[in-house]
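Starting off with a structure, shown below.
We did not get these values from a lab; they are worked out from the coordinates using the rules stated. Bear in mind that the values here come from a model prediction, so they are computed numbers and not experimental data. Here Cβ is always computed from backbone atoms with ideal geometry, including for glycine, and neighbour counts include all displayed protein chains.
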Amino acid sequence: MFSGEKKPPILLRCSSSLLLFLSAACLIFWFPSSPDTLIQQQHDHHIQHHDPPHVNQTRNQNNNNNNNKNADGLITPTKRSVTVPTCNQKLSVYLYTLPAKFNLGLLHNCHNLNFRTDMCPHVENSGLGQPLPTMGPTLATNSSSSWFATNQFAAEMIFHARLLNHPCRTYDPTRATLFYVPYYGGLHVSSKFRERNLTARDELDVSLVDYLQSQSTWQKHNGKDHFIALGRIVRDFTSSWLGAGRLLKLAGVENMSVLIIERNPFKGSNQHGIPYPSYFHPSTWQEMSTWQTKMREAHRRHLFSFIGAKRRKAAIRNEFIKQCGESTRCMLLNCRGSNEEAKKCQEPSEVLKVMSESVFCLQAPGDSFTRRSTFDSVLAGCIPVFFSPHTAYSQYQWYLPGERSEYSVYIDQRSKARKRIEEVLLKIPSEKVRMMREKIIGLIPSLTYANPNASDFGFEDAVDVALASLAEQVKKFVD
């Protein structure tokens, strides 16, 4: 054993030889012999390891022992306890470069993409919409750049933008395990809701299928390894009502996997539910962790709340409004009409304020089974109360725990219990409530769409979960 600065001459010679050898090896590694080798290494950089969804949900939870409070009194994590989602060769996604008429070209006519709403502000920032400069004093964090006035039907645009900059992306179709078709079918169909000419209504959908079926990448597995993401509910693509399209009834599309914000729970075997986008799109794990901590510490002064309006097809909403109005433990935000209270329903800060101050949030079906409010309530750490199994349980199986009582309350809308909601909720033990809230807050990352411009944000978002789950699903069809 040698200590001190002096070493035997022979050891010095051996050390010098070893240093020369290592230097040469480094040069060979960093400067490959041909441009093709360099391109291959750059490609391989994108194909790293990707954990399955929900492998370790606790890694996204904040460690309060490693936090500091900033000048605003907000807890900011100082120690990273999460890992960056990456991919291996079992999961690589090839993005079709479609003719512009199928996606970005539609945005040139953004004023007419929806006859009820001018979609131009909503398609800004890759579908995130307009930035929200402030969320108000109750919800303020040390980062305002994570918040956007995101339209509930923007998932298809956000999904596309995320995959353009995703570590699972491959530019080599021969190495791809999944093929993504970036068609803005939801934006297209909403622009045709008043179209009486069925040929004109379906022309773009049919053109897409013709284009895909002519591709050699499609023909290899007859489209079974292809998928599409759609930002509107399934009824808009399969119904015979005026204006709705038939995209999902086309023979070619039936071979594909369809990621959609509301699937058909009875016939949609190739349909998989993905979250409605909410307003939070963080760029870093610190922003996510800080928000989770804030929701853990939120003062919840209302036992339950309801945000919504009456619906002809969902009579139970009338029951909500009645019971909530009669209770001192409930906060009601009635969205019917054009008064000041109804206007608050269009303000993200007002919606999330009510939810973040509530222990439970009532989630009833509306015009269809699902509603964006479910994902707003999870974001706010508010335990959802469901009245139909198809509002969430049969929809988002890739995202939600199998045991629904871990994170939600279920009251059958046909049962007598629906007449005494407050009584049912008061019977839930406080420790059970605490555990459910912690579960909900732990789900926030996987139900959130990260900012598409971000990289190395350090948590698995809704797109990561979809890709990992889809890869397992497609493998069964093509192996």
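The stretch 333-423: Rg/Rh from Cα coordinates, Kirkwood Rh?
On the Cα set of the stretch 333-423, Rg over Rh gives 0.97.
Please work out the C-alpha center-to-center distance from the stretch 290-356 to the stretch 231-275 and express it in whole Å.
30
Checking the table Lys343/Lys432; Lys310/Lys343; Lys90/Lys220; Lys322/Lys432; Lys294/Lys419 against a 24 Å threshold on Cα-Cα, which pairs fail?
With Cα atoms farther than 24 Å apart: Lys343/Lys432; Lys322/Lys432; Lys294/Lys419.
Restricting to DSSP loop positions (anything but H, G, I, E, B) with no more than 14 other Cβ atoms inside 10 Å of their own Cβ, which trypsin sites (Lys or Arg not before Pro) remain in the stretch 166-212?
Passing both the DSSP loop test and the Cβ count: Arg194, Arg196.
Ala309 to Ser216: extension gain in nm, 0.36 nm per residue of separation minus the Cα-Cα distance?
My answer for the length gained is 28.5 nm.
Would you please name the chymotrypsin sites (Phe, Trp or Tyr not before Pro) within the stretch 361-456 that are DSSP coil residues with at most 16 other C-beta atoms within 10 Å of their C-beta?
Answer by residue number: Tyr393.
Using every pair of alpha-carbon atoms in the stretch 189-316, split the distances into 5 Å bins beginning at 0 and state the percent of pairs per bin, rounded to integers.
Final binned percentages: 2, 8, 13, 14, 15, 13, 10, 9, 7, 5, 2, 0.
Something else: Estimate the FRET efficiency between Gln346 and Thr174 by the formula 1/(1 + (r/R0)^6), using the beta-carbon distance for r and 41 Å for R0, to the nearest 0.05.
Between Gln346 and Thr174 the formula returns 0.30.
Further question: If each Cα of the stretch 258-318 is one equal point scatterer, what is log10 of I(q)/I(0) from the Debye formula at q = 0.14, 0.19, 0.21, 0.27 Å⁻¹?
-0.82, -1.02, -1.00, -1.04
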